[in-house]
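What follows is a short report on a single structure.
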Amino acid sequence: MHKFCVFVYNMEKIEKPGRLYRLFKMYLRFVHDKIYYKKTDCVNGEVIPPDGTPLLIVSNHQNCLNDPLGILFAFRDRKPNFITRADVFAVSPIADKFLRSIGLLPAFRLDYEGMGALDKNEATFRVSEQALIDGKTVMMFPEAGHQDKRWLGTFSFGYTKMAFEAAEMAEFKKDVIILPACNHYSNYFGLQNRFLVKFGTPISLQPYYELYKSKPRTAQREVNKLVREQISGLMLDIRDLDNYSAIDFIRLTYGEEYARSQGIHPEDLPNRLLSDKELVARLDAARVANQGQMDEIYSDARLLRQGLEEMGITDAQLRKSPNPLLVGLQWLVMLLLLPLWILSWWPSLPIYFIPMSIFKAKMKDPMFEGTLLYGSAVLFTIPLFSLLTLLVVGFQVGWIVALVYVALFPLLMLFCWEYACWIKKAVRSLRCLLKSDSVNRLKRMRADLYKRLDYILKK
C-alpha cells in the first residue's frame, strides 16, 4: 500500500508542469523539431478538448519513444501521460527518471515480466484512471508492441477497460473522451526525416454508459471498433501483408509521380499521406479485379527493388540519369567544403556517431535506434559536449569564441549530416556512371512496371 501511495504521489507531481518542466520541454522540442527531424506537422490539433476534460489518447505504435514524444509536442498546455512498455524503464535509473519526467508510465507484459505483471499493471491503471477523473490526459498504444511496418496491429482492450472504469469511479458523472491519433514518418531511421501526428474525431463514452452497466464487454468492443476504424482511416494501413514489401516499394517510388499527378509535392507529408492511402486502396481494388495481373506487377516490383539494392542506388537516381559534368562538380564542391565538414564532426559526434558506435551492435530491435539517438543526445552527449567545448575553448581561445562555437552546434550538426548524405548521393551517382549497362537494364524494368501501373490505375 505504501508503494502504491508513493507511486500516486509521483504521478501527481509529474502531472503538474512547473517552470523546470516547461524549460525542459522547450529544450526537447528544439532538438526534436530542429535537429532530429527536418519538418514536423500536426493535423487536426484543433479537435483536442479543452484542459480539464478527462482525455484518453489512443494511437498506433510504429517508432518506440518517438511516438509519445510526437504526441507530447502536439500539446501546448496539457501534459499527456503515456503508458508504454515497462522494459524501457529498466535500462538504467537515469532512464527511469527521464521517462517518468516526461510523463511515461510502465505497462508490464505477461510474456516478458511474468505473472507479477498483472498486479503491477493494476497500480498503473489505477493511477491513470484517477488522472482521467481529475481531468488530465493519458495516452495508450493498444497494439502493445511496435513495428517498422505501415499497418495496424491487433488491439488489446486495456484502454477501453481503463476509460470505462474511470467513468465508473466518477459515478458516470464525467464524460470520458477518447481521442484517436496516428503517428506517421517519412522514414523510420536516421536524422532529418519528416514526422506527422494526426488526430481523429473525439469519441464520447457517455452514450455507452448504460450499455456498460449491463454488458461491459459489449460496450468495450463497440468503442474499440470505433477507435480502431478511425486510427486505420488516419494512418497508412497496408492490409495485404503477403505483398507488403512490393506495395510499400511502389508507394515510395511510383507514389512520388502519383502524388505529383495530383498536384502534391512528395515531401508534403500530410498530403502525401492522403495520396499514398489512395494509391494503396487502388492497388488493393486492382488486385481484387485482376489478381493474376497484380501478382505479376508485385513480383516485378520486388525484382526491381532487389536490383536497386544490389546496385546500391536509389529509384530517384534511376529516374534521373546523372550528368558526368554535374557529378564532377558535386565532388569538387564537397572537396572544397571538406574542412568545414571536419570542423562539424566534433558537435556531431554526440548526437549520432558515438551512440551508434557504442550501442548499435547491442540493439536487438532496430526500432530502438531513434529512441537511442534522441534520448542519449538530449540527456547526455549534447549537454556534456557543449560544456566540455565551452570550458576547453573558453580557457584556451576565449569565452566569446567558445560561446559562438557552442551556439553554432545545431547548424554544424545539420551540415555534418547533410554532407554525409551528399557523399552517399555522389557515390551512388558515380556507380550509375560506371555501371551504365546494369542501370539501363533497371531503367527498362522500371519503365515497363510504371507503364503497367499507369494502365491499371487509370482505368
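Worth a mention:
- When segment 144-175 is filtered for residues that are surrounded by 17 or more Cβ atoms within 10 Å (Cβ to Cβ), farther than 22 Å from Leu236 by Cα and among the basic types (Lys, Arg), only Lys174 remains.
- Residues that are touching a helix residue (DSSP H, G or I) at 6+ places or on another chain (Cβ under 6 Å) and assigned to a helix (DSSP H, G or I) within segment 192-217 comprise Tyr208, Leu211, Tyr212, listed in sequence order.
- Among the residues of segment 42-78, those identified as of a type in the set (D, E, K, R) and free of Cβ contacts under 8 Å to residues at least 40 places away in the same chain are Glu46, Arg76, Asp77.
- Residue match in segment 394-406 (condition: closer than 14 Å to Pro347 by Cβ and modelled with pLDDT under 85): no
- Exactly one residue out of Ser299, Ser275 is at pLDDT 95 or above and crowded, with 20+ Cβ neighbours inside 10 Å, and it is Ser275.
- Output for segment 176-224, where each listed residue is charged (D, E, K, R) and closer than 21 Å to Val58 by Cβ: Lys198, Arg217, Arg221, Glu222
- Considering (1) in a loop (DSSP other than H, G, I, E, B); (2) surrounded by fewer than 17 Cβ atoms within 10 Å (Cβ to Cβ); (3) not polar (S, T, N, Q), the lone condition that Glu222 does not fulfil carries the number (1).
- Residue within segment 179-187 that is of a type outside the set (Ser, Thr, Tyr), assigned by TED's automatic domain parsing to the domain that holds Ile48 and over 15 Å from the mean Cα position of the chain (by Cα) present: yes
- Condition check for Tyr244: among the aromatic types (Phe, Trp, Tyr) and over 22 Å from the mean Cα position of the chain (by Cα): no
- Out of Arg260, Arg239, one residue alone is closer than 25 Å to Cys64 by Cβ and at pLDDT below 95. It is Arg239.
The values are calculated or read from the model by the stated rules, or taken from the named source; none is laboratory data. Fair warning: this is a prediction, and the values are worked out from it, not measured in the lab. Ideal geometry is used to build each Cβ from the backbone, glycine not excepted, and the neighbour counts take in all protein chains shown.
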